[in-house]
Amino acid sequence: MKEPKQRLLEAIADMREDEALELAKSLLDGGEDPLHVLEVCRTAMETVGKRFQEGEYFLPELILAGEMLERIGAMAKPLIQAKGGAAAVKKHGRVLIGTVHGDLHDIGKNIVTFMLDINGYEVKDIGIDVPVERFIDEIRQFQPSVVGLSGFLTLAFDSMKETIDAIAKAGMRDKMKIMIGGGQVDETVRSYTGADAFGNNAMAAVTLCRGWIGG
Amino acid sequence: MGANEQNLVSEKLRRVLDAVALKRPDRVPVAFHTMLWYARYGGTTMREVMYNYELAAELGKRAILEFDPDLFCAPHQFTTLGRVLEAARFKQLQWPGHGVGENQPYQYLDREYMKAEEYDEYLFDPTGFWLSKYMPRVLGCAEGLESLHALPGYFYMRLVMGMRTFANPKVVEALRAMREAGEEANRLVVLQNEFVRDMEGRGYVLAQGAVSIAPFDLVGDYMRGARGILTDLYRRPDKVLAACDKAIPFILKAAIGTARAMGSRFVFIPIHWAPDGFMSLDKFKTFWWPGFRKVLLGLIEADLVPVPLWEADCTSRLETIADIPPGKAIYWFERTDLARAKSVLSGVACLRGNVSPSLLNTGTPEQVDAACRDLIENIGRDGGFILDGAFGIPDEAPVENVRAMFKAARKYGG
């Protein structure tokens, strides 16, 4: 019989949700350090991310893994707070991401946020239909190394261009790399908007960030 | 209709039907399909073309006469929906003046419209569920239907007394508001039919007599929402399959009835959940394809021509979706490489597409011309091909680029 933490890891990675939640609960109830349980979850997420990258897993698995992590996190959180909080985890770098103005789509952006997060980046997701001025304010405050602009509709081509132009006008363009993605985005759109790169899936975003800021 | 126009009817329809039958037509047919591009074409706002029936019809007619496509869609089908949406108080969409700006396209709101625990209710009685749960959730005008009694429990004198349900003020108000929405929809349909008959009289072929849906997309997009359907694949896979199966006869009945009433054989089916990146091929073959294949076969059986628009990139699905009778459907691809699609689907389905929106929106007429030439020469060479944008004409495309696409069909298509 494998030890419970290994079983938890495999249950999450293999999408056995009920078993994963039961194992996490019994570990926490049995006095296991909640930070160790979350560390197991993080390792499991790496496996999920790897399987996604290798084309074995797709959206259903990413969403379900995210929900398992959320539920186990909710169980562990009060216990961590009781113990005086968690030590800060060192992250590779900051990424600010949002869907450009006029566009309300968020599935692709959420998946990119998830994949960047589990790959060790500090990601701030500022939502959908984000006006240009809000991007500028958020960038000033958060000081990201990478900005990700998401958009599904064709109107997003112009919204992305306006956002990037405004970043340049605010004198911040050379402080960051800008990646765009979603729906119809391709090299023609990248060149039109003035972004540094584009990606067609969440792994492309991770690869771009690795190339730019390590990790 | 004059003799010349009669000839045009047969000429354009013959051209399209030859392409569907995988023959080589006299030239590659070209389709005109758009949603809100009329605003750009007419120098007005998206809200205006969504609400102003006369203006949208005038712009639609002007565009069709200018570009002279083989297949056309009426602006009443995807554009002038504002008044009906407003009368129905439709909750699944935001449109200009209702959640988005005057010059922004309408957008769907991905939400959970059927809860996970309601699968059984839908499976037991789809009509009852639709009337008293689903419609009140998505149509503001139908909210009072929540108070409807479950009528099959009433009988004999109880059924007579059960008519009280239709005197319930909430139900009375819902029926009044629904009638108003229905009358607005009727006004739109009358104008649509006038427009369609006018264009058909001039030789153009209506690109879609009905709009339909894949069963998985119905359950996924319009009932469970993205997060719901994706997790259901693990949490309640049997329910997903049962709901898809349950929906098929309703989907077919609606599509066949509408297409026949329109006198058109083409059924447009935007496809949402098929793309490569969404689920594994294994899950696609289990959950998505079998239900949709039944819809395709049902439409073909009714002598209709299904026109699924395979959104995004569906390259890994090509071998699977090739399993339909040959020469009976148009497969319109958005981002799937048509050369690859042709290598798999040659002898199976007529291909349609796919000038990229990035090119149509941001390129030059010369670039559009070159891309069309490339498609016509490489994909259309042996027939079985219809030129179109990847998703028709994008809302923001400059007119000169659109013009270039239709000119190219004539220059290189023969």
Margin query: Could you give each residue of the range B:270-283 its phi-based ³J(HN,Hα) in whole Hz, using Karplus coefficients 6.51, -1.76, 1.60 with θ = phi - 60°, and x for Gly or Pro?
Written below: x, 10, 9, 9, 8, x, 3, x, 7, 8, 5, 4, 4, 5
Item checked: Label zone at A:Gln53, where the point sits 7 Å out along the Cα-to-Cβ direction: the range A:1-44 residues whose backbone N lies under 15 Å -> A:43-44
Notebook entry, point to check: So how long is each side of the range B:81-171 along the principal axes, counting just the alpha-carbon atoms, biggest first, in Å?
Noted result: 56, 30, 15
Margin query: Once you place label points 7 Å from the Cα toward the Cβ at B:Glu121 and B:Thr315, how far apart are they in nm?
Written below: 4.4 nm
Next item on the list: Taking the dipole about the Cα centre of the protein assembly as shown, with the C-beta of Lys and Arg at +1 and of Asp and Glu at -1, give me whichever of A:Gly93, A:Leu64, B:Thr45 is farthest to the positive side.
Entry: B:Thr45
Note to self: Going by amide H atoms built from the backbone, whose H comes under 5 Å of the H on A:Lys124, apart from near neighbours?
What the structure shows: A:Val95, A:Leu96, A:Ile97
Next item on the list: Using only the alpha carbons, work out the radius of gyration and Dmax of the range B:122-246 in angstrom.
Entry: 19.5, 58
Item checked: Separation between Cα centres of the range B:130-155 and the range A:31-78, rounded to whole Å -> 41 Å
Checklist line | Calculated Rg and Dmax of chain A using C-alpha coordinates, Å | finding: 18.8, 62
Checklist line | Equivalent-ellipsoid semi-axes of the range B:267-397, from the Cα gyration tensor, Å, largest first | finding: 25, 16, 13
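Using the C-alpha atoms of the range B:154-206, what convex hull volume per residue, in cubic angstrom, is computed?
On the way: hull volume 5.8 nm³, N = 53.
Cα convex hull per residue, to the nearest whole number: 110 Å³.
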Margin query: Going by amide H atoms built from the backbone, whose H comes under 5 Å of the H on B:Ile386, apart from near neighbours?
Written below: B:Leu351, B:Arg352, B:Gly353
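Per residue Cα convex hull volume for the protein assembly as shown, in cubic angstrom?
185 Å³
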Check: Quick one: if you stick a label point 7 Å off each Cα along the C-beta vector at A:Glu46 and A:Glu22, how many nm between them?
Finding: 2.8 nm
Checklist line | For the range B:215-222, Karplus couplings with θ = phi - 60° (6.51, -1.76, 1.60), whole Hz, Gly/Pro x | finding: x, 4, 5, 4, 5, x, 6, 9
Checklist line | Enclosed volume per residue, in Å³, of the convex hull spanned by Cα atoms of the range A:1-91 | finding: 98 Å³
Next item on the list: Would you please give the FRET efficiency between B:Lys253 and B:Met157, computed as 1/(1 + (r/R0)^6) with r the Cβ-Cβ distance and R0 = 41 Å, to the nearest 0.05?
Entry: 0.80
Item checked: Per-selection metrics, the range A:127-182 (Cα): Rg and Dmax in Å -> 10.5, 29
Next item on the list: Could you tell me what fraction of 2.2 N^0.38 Å the Cα radius of gyration of the range A:159-199 comes to, as a two-decimal ratio?
Entry: 1.09
Next item on the list: Kindly express, to the nearest 10 degrees and within the range 0 to 90, the angle between helix B:237-262's C-alpha long axis and the longest C-alpha principal axis of chain B.
Entry: 60 degrees
Note to self: What is the angle, in °, between the Cα long axis of helix A:17-29 and the longest principal axis of the Cα atoms in chain A? Nearest 10 is fine, range 0 to 90.
What the structure shows: 60 degrees
Checklist line | Simple spin-label estimate for A:Leu79 and B:Asp303 in nanometres, 7 Å along Cα-Cβ | finding: 6.9 nm
Note to self: Taking the 0 to 90 degree range and rounding to the nearest ten, how far is the long axis of helix A:59-82 tilted relative to the main principal axis of chain A, both from C-alpha atoms?
What the structure shows: 60 degrees
Checklist line | Centroid-to-centroid separation of the range B:172-210 and the range B:256-323 [C-alpha atoms, Å] | finding: 25 Å
Item checked: DSSP-defined antiparallel bridges as percent of all bridges, chain B, nearest 5 -> 15 percent
Checklist line | Stokes-Einstein D for chain B, Kirkwood Rh over Cα pairs, 20 °C, 1.002 mPa s (µm²/s) | finding: 95 µm²/s
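Read the figures in this text as sums done on the coordinates, not as results from a lab. The structure displayed is predicted, hence computed values, not measured ones. Cβ coordinates were reconstructed from backbone atoms using ideal geometry, including for glycine residues, and neighbour counts include every protein chain displayed.
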